[in-house]
Structures are given as structure tokens and as C-alpha cells.
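Taking it in order: structure first as C-alpha cells, then the write-up.
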Amino acid sequence: MALASSSGPSTERAWWRDAVVYQVYLRSFADADGDGIGDLDGLRQHLDYLVQLGVDGIWLNPCYPSPQKDHGYDVADYRDIAPEYGDLATFDALTADAHARGLKVLMDLVPNHCSSEHPWFRAAVAAGPGSPERARFIFRDGRGDDGATPPNNWSSIFGGPAWTRIVEPDGTPGQWYLHLFDAAQPDFDWTHPDVIGMFDDVLRFWFDRGVDGFRIDVAAALYKHPGLPDWTGGHYNEYTHNRPQVHEVYRRWRRIADSYAPERELTFVGEIWVPGVADLAAYLRPDELHQAFYFDLLKQPWNGQLFRSSIDGALTGIGSTGATITWTLANHDVHRTVTRYGIVRADEPHESLDRNLAFIRPRGEVDTALGERRSRAACLLLLALPGSQYLYQGEELGLPEVLDLPDQVRQDPTWFRSEGLDPGRDGSRVPLPWTAQAPSFGFSPTQVTAEPWLPQPQWFVKYAASEQLKDADSTLALHRRALRVRRDLFSTVDRAVTWIDVPGRDDVLAFRRDSVTCVVVFGDTPLRPPAEWGSIVLCSAPVHQGQLAGNSAAWLHTP
């Protein structure tokens, strides 16, 4: 047996340390007003569904006013709600309804960039070179005699160059501005005090409205190398990410959040893509972020040894410091687990693309039935791990990725900027099926004719929540049982993890937390659990003659 521990010196038991948070991609969750776009009232109508599912809180993807070039991650106003989703009064009602049901509410904050329609950026374009308005963003002259070459060779994460040239107020070709994502998303210059002050005010605005925390978008990218030199070191650009100055921002924000204590326990969770676990742990020091997603596990293919190595990395690199490990296997930027784990023959991604796409948005031949079995097993593994977990909407329904969206309906800028080489993220954002009834499977009211903003395939009927609620063996039923049992089994146990080696079975991952054993069979050969592991409490697939099926998981308990 090998021992790893996520126990640290801290004894704090804030709500977020063991919470299960449900990610709501609001645009695709539920449409109450019939315009084909999900909204806050649609979410309010399904809060009881989330309570019965058993989650502790919700994280809302951006619902601020936005031109929707990147569906909310291009923010035009950080202190309001987009009209297609509702208004501030509706948001306040949602927060009150959620809190009345014991659910925490987290918003999505986008501090690296805003929309090109943000008043600051429009003023910057109108003001001209060298103006105070342009100093809030990263404007530079181009290279060459006529300035027609971008200031450096940096690439956009969405594909293509990270610079766009503007037309100056006098009509002549002018300066270039930096955008790590789409051209409609100009990057702020975080060395400017106006930027720092604005986000201080934004945090307080939403905290004062009752928000319980924020997920921070692209949290490692706020600061850039001041000299803006060319980058030649590979896909991960260390001149645009993980600069040391970013940590002071989160110390500042932590002080703001802590100023609401002890009456409120607020949290920040960072979206942080960094080279290694030590880099990630640096954001989780006691005076910085409370949480940061551990994406390494999400990137692993269906392999027990790779899963164990990744989990070990988090336990030793993060858990041993006393920080909370924040696990997730899916979100709005990656292909759904059913599809990722169901790929039986993968296509090679284009050499121009980030190599991470082979793990998070793979293409290839998919065995959906196999992917469903593996996804159900992964659910039990995830919920057995010590720390907090984030579940992406629709994963509890076992939804596969919609891989065959027609090109003409796609809206993700990654698809367009990569000229279709990146499959994009639309397939994980297709509106949810609530009922088996056409035309929108309960996503919109039945009496309206507006089509959902992304088309739903007819096979969604198989995954409708209403039908799964009638089936005790459905993926939705499994999630509800797992979340309920998790509270009883893991609420008071030690957070230490003890690995259990199974002789001759490299395809089996097993670990123990106090009196509970979690076992995952990654291969096809069944496994008979040893008697000392205890009795099966929950299993992702039927047990035959005391044996766990291949590609399944179980929780066992000894009194």
C-alpha cells in the first residue's frame, strides 16, 4: 500500500472545502420566456431539481451585458445583467431563491479582457495614440516602416495572431491592440490603476448583492511581460501567463473577500492552466485564492495508472499544503466525458493546434455506450475524492458531445479562428433536454416557436431528465444517489487517501478513506472485491455474482 494525504495543517471547514458545485451554462440551461435562450427565470424554475440532485451551490457562466461574440466572456458592463437573461431584480430574486434552498451562488468574473464594445475600449479607440484611455489596454505601434506587422509574434489562444490593427480616428491604419482570445476581447493592462480599482468595485458590487464567490476566468494571464518580446518556446506562452505580479491581485482580492467575514464565507476559484502542480499550488497560499481547478485529471485518458498518478500529484502537491483540491472532469470548454472516454480510435490534431486539444476536445471514433459506462464510473471516482467537486450541467444526464453540428450553426470563435481545425466548444453547450417532448425537449415553453440558439439532436430524447427520473438505473439517478450517499459516507471521515494495490490488476484503481473504499475497474475484466473492503454501498453498473463489471466503479464500506 502507498499512502498519500490531503490532510494539511488547517482545520477550517468552510462550506467550499467539501462542496459540490453545479456549473450552469445559463444560455443552455432553461428558457423561461421562449426566445430560445436560457435565462435567469429558467434557472429559478429548476432550482428544486438542483436541490434534489444534491449539490451545494451553482456557478453561473457570465450573464453580464455582452455582444455575445464569445457568449458572455466578452463583457460590456460588469455591473449589470444582459437583457436576454433578465435584469438585476431577476438576479436578486434568483440569489434569494437559491439561498432559501441552501444553495450558494457563484458568478463568473472575466478580468483579463473585456468586450470591444466596453465603454473604456470604445473611448480608447476614439482617443488616439498615447492617450490616457489607451493606457488601460495594451496598444502598441506595429513593426516595420509602415507599422503593418504586429508588435510581436504572440498567438491567440483561439487561433491566429493575438494582435488586431485599428483604424485611427483620422481614418488611417493605426496601432495594434493585444487580445489573447478573439479580436472582440481586448486585454486590459493590469499595470494601470484604473483597471485595478474597477475590479475592486466590481467585486464589492456583487458581494453586496449576496454573491458567495467567483470563478475567475483565465486567472493566470492578467500580466504580460513588459517588453512584449517574441515567444519561441512552444504553445504555453510564459510571457502571457503565470507572471509573478498576478499573485498580488489575488492577495488584494482575498483581503476584500475576507472583509465580509465572519458573517459570510466567500470564495474564489481560479481557472488556472499552468505547467505544473507547484505553479498551481502557489495560487492557493493562505492569503490568495481559496480554490483553483485541478485540470490535470480532466486531461487524462481512460487509464487507471494515469488517473492514479494525476490524483497523487494533487494530493502531494496541493493537499499536503492544507489547501483544498478542486476537482472537475468537464466544463463548457471541453468535450463531455461520455465522448472523451468513449473514443476508441483518436484522430491526430493538426500540428498548429495546442497539444492540450488532443485531451480536452479530441476527435475520433466514439463508442457512446462504452463512454457512458466509463463516465458513470468516473462520477463515483470524482465524488469519492477529498476536496470540492464541480459538475458541469448535463453530465448528470450522461449527455454525449454533439459532434455533428452543421457548420452554419456554429458560433464558437475558436472554430472560426482556427478555420475549423479546432472542433470548438459548441457541442458541449447545446441546450439541455428536460422532457421527451419536441420541439425543444422542454428547454423552452411548449407554446413558443423560437428555436433553441443551438439545435438539439433528436437523440437527446433518450437523455431527457423527465425520463431518467422514472428510471432507477439512469445516470441521473446514479448522480442523485451518489451525492446523497457521499454526505453520509464522507462528511466526517479523514481526508487522507490510502492507495490499495490490487495484485495483477494494473487496470484497477482503489483507495481507502477511513472506512470507505472506492474502486474503479478501468479494464474490461470483472473484479471480485476482497471481503476486507466491506459491503458495496453504491455501484455504477450491475454487480453479477459478487463481481464488479469492467469499466465500472463502486463504493464499499466496513462498519
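The values are calculated or read from the model by the stated rules, or taken from the named source; none is laboratory data. Since the model is a prediction, treat every value here as computed from it, not as a measurement. Cβ coordinates were reconstructed from backbone atoms using ideal geometry, including for glycine residues, and neighbour counts include every protein chain displayed.
Quick rundown of the values:
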| quantity | calculated |
| --- | --- |
| Hits in segment 256-279 (condition: small (G, A, S) and either surrounded by 19 or more Cβ atoms within 10 Å (Cβ to Cβ) or closer than 23 Å to P62 by Cβ (or both)) | A257, G270 |
| Residue satisfying condition, being free of Cβ contacts under 8 Å to residues at least 12 places away in the same chain and either among the polar types (S, T, N, Q) or within 28 Å of Q45 (Cα to Cα) (or both), within set Q408, Q393 | Q408 |
| Candidates R487, R481, R505, filtered to the one that is farther than 16 Å from Q305 by Cα and either modelled with pLDDT of 95 or more or surrounded by 20 or more Cβ atoms within 10 Å (Cβ to Cβ) (or both) | R481 |
| Residues that are in a loop (DSSP other than H, G, I, E, B) and either within 31 Å of the chain's Cα centre (by Cα) or exposed (fewer than 15 other Cβ atoms within 10 Å of the Cβ) (or both), drawn from segment 526-553 | R528, P530, S540, A541, P542, Q545, G546, A549, G550, N551 |
| Residue in segment 365-385 that is surrounded by 20 or more Cβ atoms within 10 Å (Cβ to Cβ), closer than 30 Å to G233 by Cα and assigned by TED's automatic domain parsing to the domain that holds G234 present | no |
| Residue among G174, G160 that alone is small (G, A, S), free of Cβ contacts under 8 Å to residues at least 60 places away in the same chain and not assigned by TED's automatic domain parsing to the domain that holds G420 | G174 |
| Test: residue in segment 317-327 that is hydroxyl-bearing (S, T, Y), touching a residue at least 12 places away in the same chain (Cβ under 8 Å) and either buried (at least 20 other Cβ atoms within 10 Å of the Cβ) or not in a helix (DSSP H, G or I) (or both) | yes |
| Selected residue (criterion: surrounded by the most Cβ atoms within 10 Å (Cβ to Cβ)) from residues of segment 295-313 that are touching a residue at least 40 places away in the same chain (Cβ under 8 Å) and not in a loop (DSSP other than H, G, I, E, B) | I311 |
| Residues satisfying the stated conditions in segment 132-157, i.e. surrounded by fewer than 20 Cβ atoms within 10 Å (Cβ to Cβ), assigned to a loop (DSSP other than H, G, I, E, B), touching a residue at least 12 places away in the same chain (Cβ under 8 Å) and among the small types (G, A, S) | G142, G147, A148 |
| Subset tally (residues that are of a type in the set (K, R), surrounded by 18 or more Cβ atoms within 10 Å (Cβ to Cβ) and either assigned to a loop (DSSP other than H, G, I, E, B) or not assigned by TED's automatic domain parsing to the domain that holds A292 (or both)) for segment 226-255 | 0 |
| Matching residues, segment 67-96, being over 25 Å from L289 (Cα atoms) and surrounded by fewer than 17 Cβ atoms within 10 Å (Cβ to Cβ) | P67, P83, D87, L88, A89, D92, A93, A96 |
| Qualifying residues in segment 401-416 (those that are out of contact with any His (no Cβ under 9 Å at 6 or more places or on another chain), of a type outside the set (A, V, I, L, M, F, W, C) and under 20 Å from D347 (Cβ atoms)) - the one surrounded by the most Cβ atoms within 10 Å (Cβ to Cβ) | T414 |
| Single residue of segment 280-293 satisfying the filter (in a loop (DSSP other than H, G, I, E, B) and under 18 Å from the mean Cα position of the chain (by Cα)) that is surrounded by the most Cβ atoms within 10 Å (Cβ to Cβ) | L289 |
| Every pair of residues 6+ apart whose Cβ atoms lie under 6 Å, when the first sits in segment 249-268 and is more than 17 Å from M107 (Cα to Cα) while the second is surrounded by fewer than 15 Cβ atoms within 10 Å (Cβ to Cβ) | R251/D287 |
| Search result, residues across segment 171-206 that are part of a loop (DSSP other than H, G, I, E, B) and either under 29 Å from A261 (Cα atoms) or of a type outside the set (G, A, S) (or both) | T172, H179, L180, F181, D182, Q185, P186, D189, W190, T191, H192 |
